[in-house]
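One structure below.
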Amino acid sequence: MAVETLLLRVASTIATVGGKALVAGRRSRAERRMTLVELAGARGLGLLPQRRLHRQLEQLAETIADRLAPIAEAELAAMPTAERNLVLEGVADALEATEFTDEVLFETNLDEAALVRLTAPAAGEVLARLALSEAGTAFFHRLIREAVAHLTEVVVTLPSFHQRSLRELLARDNDIIGLLRQVLEQMPRHAALAGGDTPAELEIDYRREIIRKFDRVELFGVTVAGPTRRYPLDVAYLGLPLSGKSVAEQRHVYIRGDAGSGKTTLLRWLALKCARGEHDGALAAWNRTLPIMVELRRFAERDLPGPSEYLSGLSRSLIERLSGPWVHELLRTGRAVLLIDGVDEFPADRRPELHAWIADLAHDYPQARMVVTSRPAATPADWLAGLDFAPSDLQPMSRPHIIAFVRHWHAAIALELSGQKTAEEITAFRYAMIAAIDRSRPLRMMATNPLLCALLCALNWDRRTQLPQRRIEIYRAALEMLLRRRDHERQLSPRVDIALEYDHRLAILQDLAYWFTLNGWTDVGSGRLRSKLTAILDSMPQLKVNTDEVYAYLMTRSGVLREPVPGRIDFIHKTFQEYLAAVRLVEQDAIDSLFRYAERDDYHEVIVMAAGCARQHEAERLITRLLDLAGRPRLTRARRARLRLLAVSCSEVTSRISREVAGRILHNLGELVPPTTPGAARVLAGLGEEILPILPDGSRDLPPAAAAATLNTAALVGGPAALRLIATFRADRRAAVHRERLAAWSYFDPSEFAREAFGPNPDGWRITIQDPLLLPGVRHIGDLGAVRCEFTGAVPAEGLAELPRLESLTLRANRDGLPLGFLARAAGLTGLVLEQCTSLRDFETISVCRKLRHLALRECGLVIPRTFFRRLTELRALAVEGEIVDPGNLLQGLAHLQRLELSAVSSHFHSFGQLGVQSPLAALKLARCPGLRRLEGLAGLPLRAVSIVGCPNLESLEWVGTLRGLRTLQVRNLDHLDDFRFLGELSALETLTLESCGAGRLAFLRGAPRLRELTIVNTSDIPDLATLESLPELRRVRVDLRKHLGPDADSYIAALHRRGVEVTTDEDAESAVDPGDYDQWYQLDY
């Protein structure tokens, strides 16, 4: 039997198990023995839906077989035909004989190793029957493991549906198969199913485990129970803005953000992208690294970890195969990114120990990147400054971020409840949510926080668009929604409901939260939690439930507790723990006990929420006492400000407060005004319009940070009085103030704000707009300069059509068939970027933008005629990814073109000379051009930078040698080429990157005496020491020395150090900035 046929049988078995998970609900033994067709019939599917299901799973099986084929190829070739067939048939038999029931999938948490163990009985019977050779048996086990890995991804990705919703899902053939193909394609591939735990095998399995663990996001109100449904993190994640140095710019970064601001999600996204190798732009070098996530709360009660414990949150079976030395080597060579989460969740009295631990890591592993996160209250921004950590703060979401977040949340709920709500109904909920935020200042302020925004979305859905207006009410309502909502959860679990009323459920969780908080814990062992539950239930004798029943309910049904790693229990978010502990304190009349913790950062939110839950007189006593504490003599300025800020935060969440207490708060603001940080601005804005008269009007003598934070405070307050205050800053042209002015625009009527907030500016106001709703206001700015628009998603064409002085336009992910006719009126347009904008209409209109200097067309599904660019005679930079009908003389007439990028263009593009370049081209990138064979036509061009990536049929690079003025050269993913003699002709070359190419002898580098930076990664050879010592200008070398030289690398490095050359070794060899990167390529002249 042909290999393809047998692999297809294995793949079909995987697809069938996934299909049974899709149909779901196999409860009886008889149903578990049904074929998929029989089960679909039992579920009430008609003939057409059954045919669609069969067709979809056939496509899925073909996709899986295509992925399994190359990794099995090498071993199958060396195996006798008879045994090869036996192995593949045996794997299919073992998988088919294993019962992958819903209960089993749930209980194993879809752990790959656990599912492999599940196949062991059936596999043992098959092996006993087949009597394979030792090599055949080893290959059998490896193929089983690979099949289970694919099965895991299929089951996680497929949603579980019933009857009507399943029928509707099956009508969306392309959606479901497209999602599965995307997920499977993102799985790191084994080059071959090599035996043993080789480093390459371990790395692939480690990357897969990171993806399995982190490629899901818990959008509150969407993921209600169970581990077996996926809403991809890389789809849901929003690139929230960071202040200060970005992660890409620094090796060590300390990121601070408020509760629920997305700190952990950011680290998970970084880890996921590393594992998949999908970082781009400035973070592209991270793709050669492996992420290591250390959650500090896991070590709050024990010693901080050494390398062998860094992986404690991953699959146990994988941890057993990895070791401390493996982790140590990753860190030592710089191949690891250490992501340390939650300084605030580590005990305050042990933070000096934590600081020393981080200092040791930075000293012992200077090549490793590190990102550390914390809440601001825990430590100052400069806490790690002495260790060269650049401080950065997660900024609140702007209105465009909020709109995008709301869109993601509703896309997630649509995926989870497919068929139960129409697209129109879901869209109506989304629009109602955005409208409610725009109407209400309290909701608007809360929605800038990702966690609170998710809570609002969930409550908007659950309460049919009737939203609470206070933060405390939102937490209360969210818990009620979780603890009362059982009907929907019954679809996910066959367990009968527990005999606990809502009040009892809440009381148990309050006791647990208070217990956690009192002990300074963020998680606890499952055994200790059971003991505590027993004690709680003993104090509630009226309940007819036992500890095991309550524990099972809390862990599987409540949605409030979770087990992120085996044996450790925590609250789904620390904010819920803090809220529930505060309620317990208030109900026990124990608010006064909080005063002793007033200056402890881990009690900050508990105290604030206690004020919000308390009765008026209790809240006023709490606030007054905090102000008294702040007024003590000999208190430092920082401690006084901290206590006053806490008092203000408490007043923000109270429902009612007397005039006397409110007046005292305003009178005691002291050094809090003017605010100097976004965090202080948010707290002061919570006081409402009363804060506005106290804020300085205008920016007289205010430093930029204080002026910007003052403007931010007024914007968050909103209303006519706030706009009048903002108008006093109308003449302030400083960059920080102008950025805050633009950010505030979304909170007001666009036209009125434009008239009031932008004063005289002889140079013209240069504005960047990311919110389409602001477009009508632009024409009301008096001294309007250039306008740049950057939009993601839908945007009204009429708003763009009326926009004056449009200089630059970026549209991403617009799939609504946007008509481009408005460009005919954009006489001053000089920059246009269209990315992932499918179904564009009036595409030809682009060619009438005669002043266009920068144009990028990426992933738009365009078919571009040859003459398209000829009228764009002012083009300086052009990037095209897509089909070109005929590239002959494509660039003829573009006399000013300086930068060109062609990616994945037509297979008719065989030679660079076809393009008819007639310009002083300075930079060129050719990427993934399958038809490109020759580079003739380069000669005579004044190129200074060239990048050639992944052109598999390119015959030679010799034409590059004619570019005598070339300064930067990058050659990547051309492992079929090994003749690099042309390097000896590039006497002006300063930066060279050779990555994943067949570069052999590199002695020709002696002909590049000006070479300053050299990167060589994954090549067949490296330059000898004598060659590098002959280069007088060489300053930086990034090369995988240890791979080629082993222990001799140290002497090589030492010799270069003596010559003043900085050396980066092994896989830490980052590539130089790619001239195709967005910021470098399209915005040079802006």
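No lab work stands behind these numbers, since they all come straight from the coordinates. Bear in mind that the values here come from a model prediction, so they are computed numbers and not experimental data. As a convention, Cβ positions derive from the backbone with ideal geometry for all residues, glycine included, and neighbour counts pool all protein chains shown.
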> Can you give the direction-averaged projected area of the convex hull of the alpha-carbon atoms in region 801-896, in nm²?
Replying inline: 5.4 nm²
> Rounded, prolate or oblate: which one fits region 560-647, using the alpha carbon gyration tensor with axes a ≥ b ≥ c (rounded when a/c is under 1.5, else prolate when a/b beats b/c, else oblate)?
Replying inline: oblate
> Can you pull the Kirkwood radius for region 874-929, inverse mean 1/r over Cα pairs, to one decimal in Å?
Replying inline: 11.2 Å
> Per 10 Å bin, what is the whole-percent P(r) computed from every C-alpha pair distance within region 396-469?
Replying inline: 21, 58, 20, 1
> Kirkwood-based Rg over Rh for region 477-623 (C-alpha set), two decimals?
Replying inline: 0.98
> Under the Karplus relation 6.51 cos²θ - 1.76 cosθ + 1.60, θ = phi - 60°, what is the ordered set of whole-Hz ³J(HN,Hα) values for region 518-525, x standing for Gly and Pro?
Replying inline: 4, 8, x, 9, 10, 8, 8, x
> Computed over the Cα atoms of region 255-300, what is the convex hull's projected area averaged over all directions, in nm²?
Replying inline: 4.0 nm²
> For 254, 553, 597, what ranking results if the residue with the fewest other Cβ atoms within 10 Å of its Cβ goes first?
Replying inline: 597, 553, 254
> Hey, got a sec? Which GluC sites (Glu not before Pro) in region 631-725 land in a DSSP loop and have at most 11 other Cβ atoms within 10 Å?
Replying inline: none
> For region 648-726, what is the convex hull volume of the alpha-carbon atoms per residue, in Å³?
Replying inline: 83 Å³
> Can you work out ³J(HN,Hα) from phi for every residue in region 909-921, in order, using Karplus 6.51 cos²θ - 1.76 cosθ + 1.60 and θ = phi - 60°, giving whole Hz and x for Gly and Pro?
Replying inline: 7, 9, 9, 4, x, 4, 6, x, 5, 10, 10, x, 4
> Excluding same-chain residues fewer than 8 positions from residue 273, which lysines have a Cα within less than 21 Å of its Cα?
Replying inline: 213, 245, 263
>> How much length would be gained if the chain were fully extended between residue 542 and residue 308, taking 0.36 nm per residue of separation minus their Cα-Cα distance, in nm to one decimal?
In response: 79.5 nm
> How would you rank 881, 740, 301, 425, going from fewest to most other Cβ atoms within 10 Å of each one's own Cβ?
Replying inline: 425, 301, 881, 740
>> Compute the orientation-averaged projected area for region 584-740 from the convex hull of its Cα atoms and round it to one decimal in nm².
In response: 9.6 nm²
